[in-house]
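Visitor: Below is one structure. I have some questions about it.
The values are calculated or read from the model by the stated rules, or taken from the named source; none is laboratory data. Keep in mind it's a predicted model, so treat the numbers as computed, not measured. So basically every Cβ, Gly included, is an ideal-geometry build from the backbone, and we count neighbours across all protein chains shown.
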Amino acid sequence: MTDHREVRASDHDRDRVAEVLRVAVSEGRITLEELNERVDRTYSARTLGELDDVVADLPGPGVLPEFSPSQPSPRTAPLPVPVGGDTLQLHTTSGRVAQAGRWSVPPYLSAKAGRWGKVRVDFTLADCPHREVVLDIEITSWFGDIVVVVPRGWVVRDEEVVRRWMGAVYNRPPVPLAPGGVTVRLTGYVQTGDVWVRYRTATT
């Protein structure tokens, strides 16, 4: 598998590093001169590794770059426990992982992305016998992304997701829940990365 440091950076990646630098200067961690120098390096960076180097000496959100195992997860409610352990786990620290094509959807899924990690969960061609599915998400470090793709007529609910620091969820259902549609209920938290919800017309 390709080392994530060698992966080509996107404009979106560069913009997020620039935002980290702006926060750092507002907190007094770097000077304005350092900000200008690092922003120049950010927008001339070609790979994720070069972007990593720009912010290597800066802490993550708050004080620590990631949650340690001893820290409680910032959830608003207890995590639902699936019956019979029927769970699909899609976890990555810095690589890419995807679930797509024709597959059988369990009632409970877990998606976790670390620094530069990318997780894609595509339901458009999946067989889903459930009317509601729980997808627990967790982005614990800089620049992780989780993409959730569902058919039009499904609805993704994200009000249970805790947003911390620069974490964000982008979700705008184009139509209400259709008869026979599925509700995907997002739980968990996003510390600094992004969750993108896409609604697509299913094709065979």
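Visitor: Pairs only if they're at least six apart or on different chains, beta carbon under 6 angstrom, first in segment 146-175 and under 13 Å from Trp196 (Cβ atoms), second among the basic types (Lys, Arg); list them, first residue then second.
Guide: Close Cβ pairs satisfying both conditions: Val147/Arg120; Val149/Arg198; Val149/Arg200.
Visitor: On to the next question. May I ask you to say which residue of Asp136, Asp127 is of a type outside the set (S, T, N, Q), at pLDDT 95 or above and surrounded by fewer than 18 Cβ atoms within 10 Å (Cβ to Cβ)?
Guide: Numbers: Asp136 fails: surrounded by fewer than 18 Cβ atoms within 10 Å (Cβ to Cβ).
Answer to the check: Asp127.
Visitor: Could you run through segment 125-148 and say how many residues are outside any loop (DSSP other than H, G, I, E, B) and either closer than 22 Å to Arg200 by Cβ or of a type in the set (S, T, N, Q) (or both)?
Guide: Filtering segment 125-148 down to residues outside any loop (DSSP other than H, G, I, E, B) leaves 127, 132-139, 145-148.
Narrowing the set further to residues that are either closer than 22 Å to Arg200 by Cβ or of a type in the set (S, T, N, Q) (or both) leaves 127, 132-135, 137, 145-148.
Qualifying residue count, segment 125-148: 10.
Visitor: Consider segment 179-200. How many of its residues are acidic (Asp, Glu) and outside any strand (DSSP E or B)?
Guide: Our first condition is that a residue be acidic (Asp, Glu); within segment 179-200, this holds for 194.
From what is left, the residues that are outside any strand (DSSP E or B) are none.
So the count comes out to 0.
Visitor: Just give me the residues in segment 110-140 being more than 11 Å from the chain's Cα centre (by Cα) and among the basic types (Lys, Arg), in sequence order.
Guide: Arg131, the sole residue that qualifies.
Visitor: While we're here: Can you name the residue in segment 139-167 that is out of contact with any strand residue (DSSP E or B) (no Cβ under 8 Å at 6 or more places or on another chain) and among the hydrophobic types (A, V, I, L, M, F, W, C) and is also surrounded by the most Cβ atoms within 10 Å (Cβ to Cβ) among such residues?
Guide: Taking the candidates together, the pick is Phe143.
Visitor: Could you tell me whether segment 101-124 includes any residue that is exposed (fewer than 14 other Cβ atoms within 10 Å of the Cβ) and not in a strand (DSSP E or B)?
Guide: Narrowing segment 101-124 to residues exposed (fewer than 14 other Cβ atoms within 10 Å of the Cβ): 101-102, 104.
Now narrow it down to the ones that are not in a strand (DSSP E or B): 101-102.
Yes, because at least one residue in segment 101-124 is exposed (fewer than 14 other Cβ atoms within 10 Å of the Cβ) and not in a strand (DSSP E or B).
Visitor: Could I ask something else about it? Tally up the residues in segment 2-28 that are loosely packed, with under 14 Cβ neighbours inside 10 Å and not in a helix (DSSP H, G or I), please.
Guide: 6
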